[in-house]
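Inspection log for the structure reproduced underneath, given as structure tokens.
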Amino acid sequence: MTKKLDATVFHNGFLNSFDFVLTDCDGVLWNRNEAIPGAKETINALQDMGKTVIFVTNNSSKSRYEYHRKCEVLGFKSSVDRIFPTSYCVAVYLKSIDFKKKVYVLGSSGIAGELHSAGIPFLPVGPDPMPETEYWYNWVAKELKLDSEVGAVVVGFDQHVSYPKLVKTVSYLKDPNCVYIATNIDEQFQTDLKHLVIPGTGAFIRAVEAVSGRTPIVLGKPAKFLYDCIKYQYPDLDPSKGIIIGDRLSTDILLGRSTGLRTLLVLTGVSDLNEVERCSNSNCENKQMMVPDYYLPSLADLGRLMGVIQ
Ligand SMILES: C[C@H](OP(=O)(O)O)C(=O)O
Ligand SMILES: [Mg+2]
């Protein structure tokens, strides 16, 4: 059963119960390019008191270096080696399988940046629109060429998703030996644009699966690969002395529960207490695994308990 992290719980040894923190980014530290009030004071204070703070995000739109820059601009103390976006996980995974061919990316420049840093060749990333004047078949038949050196397809969030890109993605995946990786399966982004629904990477994965029949190797939360990347870099981390702070039950909290971390849900992003109650009352074990140990309205409330925010 989830508990509010109140003063009683907090003053009963909460801070001494963990040495490291995995903090989610979107919906916990910031929403898009706006820092969530009180988040930086809290995260920086945890680091000042000696906690190892590791930044984890399913958002593959930026490389580690770009996220480090974002942290600097928004005032979060960080270092590149403590930032784990799924864009970085893509390069780590391909290196781990000794991948030697070329990558086709339906995704953003963050993935391209990490592939470049890892020395893994890839086809250009960016807009690939269907020309307005052409009848699609004539253009696809005449202009759309596949690169025979491609041996892997990576699907991440791509704001320039297009018909040509989808044709290329599912055509490369006709080859069963073509490695198929997804950064995450989050179906949608949560935004303050309540009149709109904003598709995320999971929407592209479903479309590709409908046509190709292929299911991807998923690297982002709640899959363990992202956590395995962290453990590989920080082998001494003891999950019993760790806590994950997230805003999404189906990714952050589920990863925490499945890796033995304690879990703190903040209500500044995707999930709310109604969803927590539905998961608590569910007979489905997977849903039960999404119930956080603790919750708070926001990270600022932890900062207030710590006395670093008035
Ligand atoms: C995709 C993004 O990832 P996060 O930083 O929350 O893992 C989100 O859930 O909005
Ligand atoms: Mg989030």
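The values are calculated or read from the model by the stated rules, or taken from the named source; none is laboratory data. Note that the structure is predicted; figures quoted are calculated from it, not measured. Note: ideal-geometry Cβ built from the backbone for every residue, glycine included; neighbour counts use all protein chains shown. For accessibility, only protein heavy atoms count, side chains too; no ligands or nucleic acids. Shrake-Rupley method; radii C 1.70, N 1.55, O 1.52, S 1.80 Å.
Here are a few things to note about the model shown:
- With respect to the chain, whose longest principal axis is taken over its alpha-carbon atoms, helix 201-212 is tilted by about 40°.
- Within the accessible area of the chain, the carbon and sulfur atoms contribute 52%, probe 1.4 Å, all protein chains present.
- Equivalent ellipsoid of the range 172-310: semi-axes from √(5λ) of the C-alpha gyration tensor, largest first, are 30, 20, 15 Å.
- Proximity of backbone amide H atoms, modeled 1.01 Å from N, is registered between Ile244 and Leu22, Arg262, Thr263, Leu264 at under 5 Å, excluding neighbours fewer than 5 places apart on the same chain.
- Annotation: amide H-H contacts under 5 Å for Tyr295 (H modelled 1.01 Å from N, sequence separation of 5 or more, or interchain): Lys3, Lys4, Leu5, Leu265.
- From phi via Karplus (6.51, -1.76, 1.60), per-residue ³J(HN,Hα) for the range 71-83 in Hz, x at Gly/Pro: 4, 4, 4, 8, x, 8, 5, 7, 9, 3, 6, 10, 10
- Summed over the residues of the range 89-218 and divided among them, the accessible surface reaches 53 Å² per residue at a probe radius of 1.4 Å.
- Inter-site label distance for Lys194 and Lys4 at 7 Å from Cα along Cβ, in nm: 2.2 nm
- Long-range amide H partners of Ala182 with built H, under 5 Å: Val155, Ile217, Val218, Leu219
- The range 67-147 shape via C-alpha gyration tensor axes, a/c threshold 1.5: oblate
- Pairwise Cα distances in the chain exceed 26 Å in 47 percent of cases.
- Three-way shape call for the range 237-310 based on the alpha-carbon gyration tensor, with the a/c threshold at 1.5: oblate
- Between the C-alpha center of the range 180-239 and that of the range 107-126 there is a gap of 18 Å.
- The chain - charge dipole about Cα centre, Lys and Arg +1 at Cβ, Asp and Glu -1, debye rounded to 20: 380 debye
- The charge dipole of the range 255-306, taken about its Cα centre with unit charges on the Cβ of Lys, Arg, Asp and Glu (plus for the first two, minus for the last two), comes to roughly 120 debye.
- Among beta bridges identified by DSSP and lying wholly in the chain, the antiparallel ones come to about 10 percent.
- From phi via Karplus (6.51, -1.76, 1.60), per-residue ³J(HN,Hα) for the range 154-164 in Hz, x at Gly/Pro: 10, 10, x, 5, 9, 6, 10, 4, 8, 4, x
- For the set Lys62/Lys221; Lys221/Lys287; Lys51/Lys77; Lys231/Lys287; Lys102/Lys165; Lys40/Lys231, the pairs lying more than 20 angstrom apart at their alpha carbons are Lys231/Lys287; Lys40/Lys231.
- Dipole check for the range 89-218: with +1 at the C-beta of Lys and Arg, -1 at the C-beta of Asp and Glu, and the Cα centre as origin, the magnitude is about 300 Debye.
- Charge-dipole axis of the chain as Lys and Arg at +1 and Asp and Glu at -1 on Cβ define it, positive-most pick from Pro222, Phe99, Gly110: Phe99
- Note, ³J(HN,Hα) from phi for the range 86-103, Karplus 6.51, -1.76, 1.60, rounded to Hz, x at Gly and Pro: 5, 4, 5, 4, 4, 5, 4, 5, 5, 5, 5, 9, 6, 5, 10, 9, 10, 10
- The range 9-71 and the range 255-310: distance between their alpha carbon centers, rounded to Å: 15 Å
- Rounded if a/c under 1.5, otherwise prolate or oblate - the range 89-218, Cα gyration tensor axes: oblate
- In straight-distance terms, cross-link reach from Lys100 covers every one of the aspartates and glutamates whose alpha-carbon lies under 20 Å from its own, apart from those fewer than eight places away in the same chain; here that gives Glu114, Asp147, Glu149, Asp175.
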